[in-house]
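J.: This is the structure, below, for whatever I ask next.
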């Protein structure tokens, strides 16, 4: 996935907010969780010199997020219970990131126990630049669909707020 992680986080945040209204931290948690696994891109470009596929780094190991969630979520529930929903949404968003990346890129779902990559679709390098190969592949339509869904939800929310303000005036 190239462009759909943040919109997917927005969709998750919107759905989670609808399920648990009044939980203000849910949307920021969903947005942050949806892109946090890609923080390894700083290391990839600034330190690694693009030598290792960034999906090989620990922030792209799904079991890392599961293990971290198993430790952090009970602590948050115990120490800051009002943020438990937001913390759960954060980790759920990180896992959605893993699933989305698995569609068209190799993911190491069982790392550190197995380095066997899993990807649903292999995108052939048909064009001079890898970005063109991704953008011109049919799987990019899924990314566009996710972005369109998020845009639809955003416009809907803006309209609802305007209607609510007009009703209060």
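The values are calculated or read from the model by the stated rules, or taken from the named source; none is laboratory data. Everything quoted here is computed from the prediction, not taken from an experiment. Every residue, glycine as well, gets a Cβ built from its backbone with ideal geometry; the counts of neighbours run over all protein chains shown.
J.: With respect to residue 110, is the statement that it is farther than 18 Å from residue 35 by Cα and not in a helix (DSSP H, G or I) true?
T.: yes
J.: Something else: Looking at region 52-64 only, could you name the residues that are crowded, with 16+ Cβ neighbours inside 10 Å and not in a helix (DSSP H, G or I)?
T.: The answer is 57, 61.
J.: On to the next question. Looking at region 23-51, which of the residues that are closer than 18 Å to residue 154 by Cα and without any contact (Cβ under 8 Å) to a residue 24 or more places away in the chain is surrounded by the fewest Cβ atoms within 10 Å (Cβ to Cβ)?
T.: 24
Every residue, every condition in (1) farther than 23 Å from residue 25 by Cβ; (2) outside any helix (DSSP H, G or I); (3) touching a residue at least 24 places away in the same chain (Cβ under 8 Å), yes or no:
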residue	(1), (2), (3)
66	no, no, yes
71	no, no, no
78	no, no, no
85	no, no, yes
89	no, no, yes
93	no, no, yes
98	no, no, yes
101	yes, no, yes
125	yes, yes, no
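J.: When the residues of region 118-153 are filtered to those that are farther than 19 Å from residue 98 by Cα, at pLDDT 95 or above and surrounded by 14 or more Cβ atoms within 10 Å (Cβ to Cβ), which remaining residue is farthest from the chain's Cα centre (by Cα)?
T.: 153
J.: Let me ask something additional. Within region 4-26, which residues are in contact with a helix residue (DSSP H, G or I) (Cβ under 6 Å, 6 or more places away or on another chain) and more than 16 Å from residue 95 (Cα to Cα)? Explain how you work it out, then say what you get.
T.: Taking region 4-26 first, the residues in contact with a helix residue (DSSP H, G or I) (Cβ under 6 Å, 6 or more places away or on another chain) are 4-14, 16-17, 20, 23, 25-26.
Residues satisfying the conditions are 14, 17, 20, 23, 25.
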